[in-house]
Amino acid sequence: GRFFDELTSVAALENTIDHTDLIFQAVRLLSDPEVRDRWRSRVKLVGVDEYQDTDPLQVELLQALAMSKDLVVVGDPYQSIYGFRGADVRGILDFPDAFATDGRPAPRITLSHTNRYGPVIADAVRSIVENRGAVAAADGHALAALRTPQSRAGTDGEVEVQTFSSAAAEAEQVALLL
């Protein structure tokens, strides 16, 4: 639409590029086999944190750059928060197939213990996200480990639920807590 046309025109005039365009240009460059081979020879290991928040274009970049390299990704589908900007939680669930090597799915290790929070907080989180559609599609063993991590935290944890009459009231309370 008009906004997008104006945005891209201004970006071109100012010689600027945004995050998505930067990734798109990298994918485009890596589509050239000579460029891709040169970059793959320079990269030994690729590590990605918060993989659950990657979007399909970022996955395409990883496939172009690291498909035949050591690739380590870390993520938790229950912590996916960037769907509004195109992130797809299915990416982490589909990772083994998307990065298969020699016809074999990429290995996946599902962590079944947490040191971040106690069982009280784990139960509260689970009660909120238990029926999340995409996560429910994970295979049985991985899903069980994701849904019921064993806590190694030194405390049981504490959950307090508060409701507010408006977004402003909520923001005010958060400010007071900080």
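The values are calculated or read from the model by the stated rules, or taken from the named source; none is laboratory data. Predicted model only: the values in this text are computed from it and were never measured. Glycine also receives a Cβ, built like all others from the backbone with ideal geometry; neighbour counts cover every protein chain displayed. Keep in mind that these areas ignore ligands, DNA and RNA; they rest on the heavy atoms of the full protein, side chains included. Shrake-Rupley method; radii C 1.70, N 1.55, O 1.52, S 1.80 Å.
Worth a mention:
- Cα-centred dipole magnitude for the chain, charges only on beta-carbon of K, R (+1) and D, E (-1), debye, nearest 20: 680 debye
- Value at 222 nm in deg cm²/dmol, rounded to 500, when DSSP H runs of n ≥ 4 in the chain each add -39,500 (n - 2.57): -14000 deg cm²/dmol
- Between Glu60, Glu50, Glu158, the GNM of the chain built on Cα springs shorter than 10 angstrom shows Glu158 fluctuating the most.
- To the nearest ten degrees, helix 33-42 and the longest principal axis of the Cα atoms of the chain are 50 degrees apart.
- Only one item in (i) 1.31; (ii) 1.83; (iii) 1.02 matches Cα Rg over 2.2 N^0.38 Å derived from the coordinates shown, and that item is (i).
- Per residue solvent-accessible surface (Å²) - the chain, probe of 1.4 Å: 70 Å²
- Cα→Cβ-extended label distance, 7 Å offset, between Ile128 and Ile109, nm: 2.8 nm
- Length-normalised contact order for the chain - Cα pairs under 8 Å, 6+ apart - percent: 16 percent
- Around Leu177: net Lys/Arg minus Asp/Glu count, Cβ-Cβ under 13 Å: -3
- Carbon + sulfur, % of accessible area of the chain - ligands and nucleic acids excluded, 1.4 Å: 55 percent
- For the chain, with +1 on Lys and Arg beta carbons and -1 on Asp and Glu, the positive-most of Ala100, Ser165, Leu61 along the dipole: Ala100
- Just checking the listed ones, Gly86, Gly47, Gly103: in the Gaussian network model of the chain with Cα springs under 10 Å, the one fluctuating most is Gly103.
- The candidates Leu57, Leu13, Leu177, Leu29, arranged from most to least accessible area with a 1.4 Å probe in the full protein assembly, appear as Leu13, Leu177, Leu29, Leu57.
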